[in-house]
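Comments concern the structure below.
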Amino acid sequence: MSAFLIIPAIDLMSGRCVRLRQGRAEDRTEYSNDPAQVARDFEAAGARRIHIVDLDGAFRGASANLEAIRAIRRAVGCPLEVGGGLRTPEAVRGALAEGIDFAILGTLAVRQPDHLQAIVNEHGERIIVALDAKDGLVAVDGWVTAERNMPVVEVARRLAALGARTFLHTDIARDGMLSGPNLETTRALAEAVDAGVIASGGVASETDLQNLAAMRLPNLLGAIVGRALYDGRIDLAHAITTFQE
């Protein structure tokens, strides 16, 4: 089996590591007040990349957990991908200047595609476009607003034409719910674009990871795993050995 990245997630609110259900700020569970130690544990288990979301930044529109992100960067050597509140070219440059390897853009990419094109031209493969969907429609502003007449696959095609090289697709209805990933949309998205795709939302077991990997889509790079790790449903080290070695 070819390598399939298992990317553990750290979601930040008020400097703490939390998980939300379906992106709702009021429905959260706190797991740790030391996100840097969580990152160390992930790296020790073999993680080759860590996914970080500044949830406060996503809701407010500007980065809000910079100190926690800096602490994570100091704590681990593996690549970090960070999103949440990166809505201007200056914010993207600032995040990358902090030693972040990949900047994740959602609202900016969807609402200001001309800025996305300029940012991709400047930073290339260090830009990941987040396509978060509610009922098949792209959602922005920290998942609060579903954009009308913007089916996720059509948006992906349009942004790929502007140079986007990697997409992160999250099915919001499944995020934090341990209900299994959206295989159908993941396949449709991967087959629609000549770009990398990372799946997110709903992964609850190694069987879910197996189902994603078994689609054998050459541009399906891997999957984000969050709550299933924190709840002990997936052993990160075992999953990495199974899918990445």
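Just a few scattered comments:
- Within the range 187-204, the set of residues being over 19 Å from residue 10 (Cβ atoms) and touching a helix residue (DSSP H, G or I) at 6+ places or on another chain (Cβ under 7 Å) comprises 188, 189, 192, 193, 194, 195, 197.
- The lone exception for residue 91 - which of (1) assigned to a helix (DSSP H, G or I); (2) over 29 Å from residue 162 (Cα atoms); (3) touching a Leu at 6+ places or on another chain (Cβ under 9 Å) it fails: (2)
- Applying the criterion of being charged (D, E, K, R) and farther than 16 Å from residue 49 by Cα to the residues of the range 79-101, the residue that is surrounded by the most Cβ atoms within 10 Å (Cβ to Cβ) is 87.
- Scoring residue 76 on the criteria (1) of a type outside the set (Lys, Arg); (2) loosely packed, with under 15 Cβ neighbours inside 10 Å; (3) farther than 19 Å from residue 109 by Cα leaves a single failure, condition (2).
- Close contacts from the range 156-174, counting a first residue that is at positive phi and a second that is part of a loop (DSSP other than H, G, I, E, B) and surrounded by 24 or more Cβ atoms within 10 Å (Cβ to Cβ), with Cβ to Cβ under 9 Å and a gap of 6+ residues or different chains, come to none at all.
- Filtered by the rule that a residue be surrounded by fewer than 19 Cβ atoms within 10 Å (Cβ to Cβ) and of a type in the set (D, E, K, R), the range 17-42 gives 21, 24, 26, 27, 28, 30, 34, 40, 41.
- Filtered residues of the range 214-245 (kept if small (Gly, Ala, Ser), touching a residue at least 40 places away in the same chain (Cβ under 8 Å) and either over 16 Å from residue 180 (Cβ atoms) or touching a helix residue (DSSP H, G or I) at 6+ places or on another chain (Cβ under 7 Å) (or both)): 222, 223, 237, 239
- Residue list for the range 102-123, restricted to those being surrounded by fewer than 17 Cβ atoms within 10 Å (Cβ to Cβ) and part of a loop (DSSP other than H, G, I, E, B): 112
- Single residue of the range 18-70 satisfying the filter (aromatic (Phe, Trp, Tyr) and not in a strand (DSSP E or B)) that is farthest from residue 4 (Cα to Cα): 59
- Wholly enclosed strands (runs of 3 or more DSSP E) of the range 144-245 bearing at least 1 residues at pLDDT 95 or above and under 23 Å from residue 24 (Cα atoms): 166-171, 196-200, 220-225
- Test: residue in the range 72-84 that is assigned to a loop (DSSP other than H, G, I, E, B), touching a helix residue (DSSP H, G or I) at 6+ places or on another chain (Cβ under 8 Å) and modelled with pLDDT under 95: yes
- As for the range 33-41, it holds at least one residue that is touching a Gly at 6+ places or on another chain (Cβ under 9 Å) and without any contact (Cβ under 8 Å) to a residue 40 or more places away in the chain.
The values are calculated or read from the model by the stated rules, or taken from the named source; none is laboratory data. As the structure is a prediction and not an experimental result, all values here were calculated from the model. Note that each Cβ is placed from the backbone with ideal geometry, even for glycine, and that neighbours are counted across all protein chains shown.
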